[in-house]
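The values are calculated or read from the model by the stated rules, or taken from the named source; none is laboratory data. Since the structure is predicted, the reported quantities are computational estimates derived from the model, not experimental observations. Every residue, glycine as well, gets a Cβ built from its backbone with ideal geometry; the counts of neighbours run over all protein chains shown.
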Amino acid sequence: MLRIVDVAGALEARGYPPDVDVEVELDIEDDLVSENRGRFTLGVRDGRAVVSAGGAGRAVLHVRALASLYTGWLRPRDAVAYGWLRADDATVDALERVFAGPTAWMSDMF
């Protein structure tokens, strides 16, 4: 249960695998926060991200789908299968490397 209210800030604050060196061009849809709407370039290197405005928008997704990728709850290939992400295979491969990690989980015992 996550709502990203600052796409660039959230992506830059997250940690990433240290061996990833990729750039992904995102086209984010958001019907509530206009600052989240549009094209962003996400560059990941040495476990850190830099986000800038612009790019070709090769990966098209709603901010809700981005939240699922961001938390590790959903893999990019699964997002494509669900129709939540539209991207070519090379872009999906890059997103798989960026958001690599174990599936998020939580014990239901409180």
- Look at ALA81 and say whether it is part of a helix (DSSP H, G or I) and either exposed (fewer than 15 other Cβ atoms within 10 Å of the Cβ) or among the acidic types (Asp, Glu) (or both). yes
- Can you name the residue in the stretch 42-76 that is hydroxyl-bearing (Ser, Thr, Tyr) and crowded, with 17+ Cβ neighbours inside 10 Å and is also farthest from ALA100 (Cα to Cα) among such residues? SER68
- Message: Report every pair of residues separated by at least 6 positions or lying on different chains whose Cβ atoms are under 8 Å apart, first residue within the stretch 12-29 and touching a residue at least 24 places away in the same chain (Cβ under 8 Å), second of a type in the set (A, V, I, L, M, F, W, C) and part of a loop (DSSP other than H, G, I, E, B).
- Response: PRO17/ALA100; VAL20/ALA100; GLU25/ALA56
- Message: Take ARG14 and tell me if it is under 12 Å from PHE99 (Cα atoms), out of contact with any Leu (no Cβ under 9 Å at 6 or more places or on another chain) and surrounded by fewer than 20 Cβ atoms within 10 Å (Cβ to Cβ).
- Response: yes
- Report yes if ALA94 is under 17 Å from THR41 (Cβ atoms), of a type in the set (Gly, Ala, Ser), assigned to a helix (DSSP H, G or I) and at pLDDT 95 or above, otherwise no. yes
